[in-house]
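First up is the structure itself, then whatever we jot down about it.
The values are calculated or read from the model by the stated rules, or taken from the named source; none is laboratory data. Predicted model, so just to flag it, every value in this text is computed and none were measured. Don't worry about glycine lacking a Cβ; one is built from the backbone with ideal geometry, like all the others, and counts go over all protein chains shown. Keep in mind that these areas ignore ligands, DNA and RNA; they rest on the heavy atoms of the full protein, side chains included. Shrake-Rupley method; radii C 1.70, N 1.55, O 1.52, S 1.80 Å.
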Amino acid sequence: ENLQFLLQPARLKKALKALDTDGSGEIDVEEWEEAIQRGLKRRLEQLSEERERRARAAAAADEDFSAEFLTMARQVFDMIDVDESGYLDKDEIIDAVKANKKVINFLQTCGNQNLMYLLEPARLQQALAVLDTDRDGQIDASEWEDAIENALKAKLQARAAQRRAQEMMARQAAKEL
């Protein structure tokens with residue numbers, strides 16, 4: 001902590017006094033090593049605090065993202081469910097994926113392969129079979145939410161992987177300096 005003062009001549013006397021813990025007028029090896037250890041300890045504490053701050057920020061961002069994603073997923077369900085039955089049938093899905101840009105965009109980017117397959121006529125039946133877990137020929141809100149939970153989990157994992165990659169790049173850049 002006081003070692004930085006050694007680089008500034010105006011503060012050198014004050015720094016030497018702080019480093020000379022036994023008041024002998026000289027800085028011996030033990031005092032020097034203690035100063036180094038104090039400086040390292042403080043830096044490690046700062047790094048730990050920064051990691052904790054970033055982790056809290058990431059958790060808050062993921063919480064906000066999750067709330068927004070789940071809200072949008074519910075809205076998309078409601079947009080597809082034009083008859084307001086609480087179920088999505090094949091015809092409603094086909095109509096929505098042909099005409100509703102919000103539905104199309106959500107399904108393209110949601111992160112669940114079976115939901116994405118609702119956009120592809122050749123894979124629609126297969127996707128419906130996977131999503132319709134109770135085999136009643138319709139996707140109810142619970143089945144939709146199960147698919148959305150899986151999509152959200154994949155999205156959050158991708159976000160975490162992206163943060164780790166950015167952190168590694170930052171570490172690598174710092175090493176190169």
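The accessible surface of region 1-148, taken with every protein chain in place and a 1.4 Å probe, is 52 percent carbon and sulfur. In degrees, nearest 10, range 0 to 90: what is the angle between the Cα axis of helix 9-19 and the longest Cα principal axis of the chain? The angle comes out at about 90 degrees. Peptides 41-48, 79-86, ordered by how many other C-beta atoms sit within 10 Å of their residues on average, highest first, read 79-86, 41-48. Summarising the amide proton neighbourhood of TYR87: residues at separation of 5 or more, or on other chains, whose placed amide H is nearer than 5 Å comprise an empty set. Solvent-accessible surface of the chain, averaged per residue with a 1.4 angstrom probe and all protein chains in place: 69 square angstrom. Charges at C-beta only: +1 for Lys and Arg, -1 for Asp and Glu. How large is the resulting dipole of region 1-87 about its Cα centre, in Debye rounded to 20? With only Lys, Arg, Asp and Glu charged at Cβ, the dipole is about 680 debye. In terms of packing, defined here as the mean over residues of other Cβ atoms within 10 angstrom, the peptides 149-156, 33-40 line up highest first as 149-156, 33-40. Projected over all directions and averaged, the alpha-carbon convex hull of region 1-111 occupies 12.4 nm². Shape class of region 37-96 from the alpha-carbon gyration tensor: prolate, with a/c at 1.5 or above and a/b greater than b/c. Across the chain, the relative contact order, built from alpha-carbon pairs under 8 Å that are at least six residues apart, equals 14 percent. Answer rounded, prolate or oblate for region 81-129, using the Cα gyration tensor with square roots of eigenvalues a ≥ b ≥ c: rounded when a/c is under 1.5, else prolate when a/b is larger than b/c, else oblate. Here region 81-129 falls in the oblate category.
For a modelled paramagnetic label at ALA55, 7 Å from Cα along Cα-to-Cβ, the residues of region 152-177 in reach, with backbone nitrogen under 20 Å, are 156-171.
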